[in-house]
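Bear in mind that the values in this text are calculations on the coordinates, not laboratory data. Since this is a predicted model, take the numbers as computed values, not measurements. A quick note on method: Cβ atoms are made from the backbone with ideal geometry, for glycine too, and the neighbour counts reach across all protein chains shown.
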Ligand SMILES: CC(C)(COP(=O)(O)OP(=O)(O)OC[C@H]1O[C@@H](n2cnc3c(N)ncnc32)[C@H](O)[C@@H]1OP(=O)(O)O)[C@@H](O)C(=O)NCCC(=O)NCCS
């Protein structure tokens, strides 16, 4: 298993995961926009097969997890958790104070993953997600990151 930065060569596999995951999947344009904007995006691969990915807009005040997905054949094996942990560390290293994300109110599985890694529900966004017909509310979740993570790295005596 190897991590790399998500790039245009992963698009077909990412779209496959996205289409099997969401009632109103992101389009190719949504993904290329993220890559062009330089969002922090990771791919986890095994023998050139994409296991999973995640995309996050990092900023010092508040990073925003925009998407995460694991190929259906590889779910429930700890990969989603591993990828999310990498994103959390990346945000900490970049000096972010917290990570926020939205999750469909019906997506109990992702909600549990986020809860397991310390995200707390802090609100709701009404009709945030599109559905084939109508819209669905989102929970907003947030995780406060370790204070001083970056300064500890730079200023520790060891
Ligand atoms: C959400 C998702 C990324 C989880 O990936 P995964 O690799 O299957 O998850 P993991 O095996 O790492 O599980 C980590 C934790 O997530 C939760 N979880 C994962 N699958 C679950 C399931 N089927 N039922 C209940 N909880 C589940 C559990 O808390 C689990 O911890 P545990 O194993 O100690 O119980 C994956 O289900 C997915 O790609 N879903 C579709 C895309 C999606 O919904 N993305 C989130 C958009 S907001």
Put in order of increasing Cβ neighbours within 10 Å, starting from the fewest, 66, 50 give 66, 50
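How would 31, 24 line up from fewest to most surrounding beta-carbon atoms within 10 angstrom?
Neighbour counts put them in this order, fewest first: 24, 31.
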Once you have the Cα-Cα distance between residue 131 and residue 5, take 0.36 nm times their residue separation minus that, and quote the gain in nm to one decimal.
42.4 nm
Per the C-alpha gyration tensor (a ≥ b ≥ c, the square roots of its eigenvalues), segment 82-152 is rounded if a/c is under 1.5, else prolate if a/b beats b/c, else oblate; here it's prolate
tail above 18 Å in the computed P(r) of the chain, as % of all Cα-Cα pairs, reads 60
Most fluctuating of 74, 119, 53 in the GNM of the chain (C-alpha, under 10 Å) is 74
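Can you sort 115, 48 from fewest to most other Cβ atoms within 10 Å of each residue's own Cβ?
48, 115
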